[in-house]
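J.: Pasting in a structure now, in structure tokens, and then I'll have a few things to ask.
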Amino acid sequence: METTLAVPGAWTYFIGSYAYYLPFVLTSIWSPIALFDLSQKKDLTDSKTYIWAFVILLIPIFGAAAYLLFGNSGFEKKFKQIAVGGGFGVLILVWILSLVSQI
């Protein structure tokens, strides 16, 4: 009995590359935005600033998203919801498409 492997198509490679690189893109966009906003805060104590900076840098995607959503950042609420919600929405959609394309 002979086993053959299916050759992945261009669509699988395209979606797979998005699924691989999108977390890096989100981190490289959200982290500088969160760190810039954190540096502009004058009402936070030094310890809270350091804690948020460590959370943003040590937990790549979720740390910056948590700061933008829950960290009392200076951005408008609608901007924060669209940036973080849209980013996570696209990430989940791409992951689902990459799983479906491999079936």
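J.: Kindly list the number of the only condition in (1) within 15 Å of the chain's Cα centre (by Cα); (2) loosely packed, with under 13 Cβ neighbours inside 10 Å that fails for S17.
T.: (1)
J.: Restricting to region 35-84, give me the number of residues that are crowded, with 16+ Cβ neighbours inside 10 Å, within 12 Å of the chain's Cα centre (by Cα) and among the aliphatic types (A, V, I, L, M).
T.: Number of matching residues: 8.
Conditions tested, residue by residue: (1) of a type in the set (D, E, K, R); (2) free of Cβ contacts under 8 Å to residues at least 12 places away in the same chain.
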{"position": "L58", "(1), (2)": "no, yes"}
{"position": "G71", "(1), (2)": "no, no"}
{"position": "K77", "(1), (2)": "yes, yes"}
{"position": "I82", "(1), (2)": "no, yes"}
{"position": "G85", "(1), (2)": "no, yes"}
{"position": "F88", "(1), (2)": "no, no"}
{"position": "S101", "(1), (2)": "no, no"}
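Readers should treat all values here as calculations from the given coordinates under stated rules, not as data from a laboratory. This one's a predicted model, so the numbers in the text were calculated from it and none came from an experiment. Backbone-built Cβ (ideal geometry, glycine too); neighbour counts: all protein chains shown.
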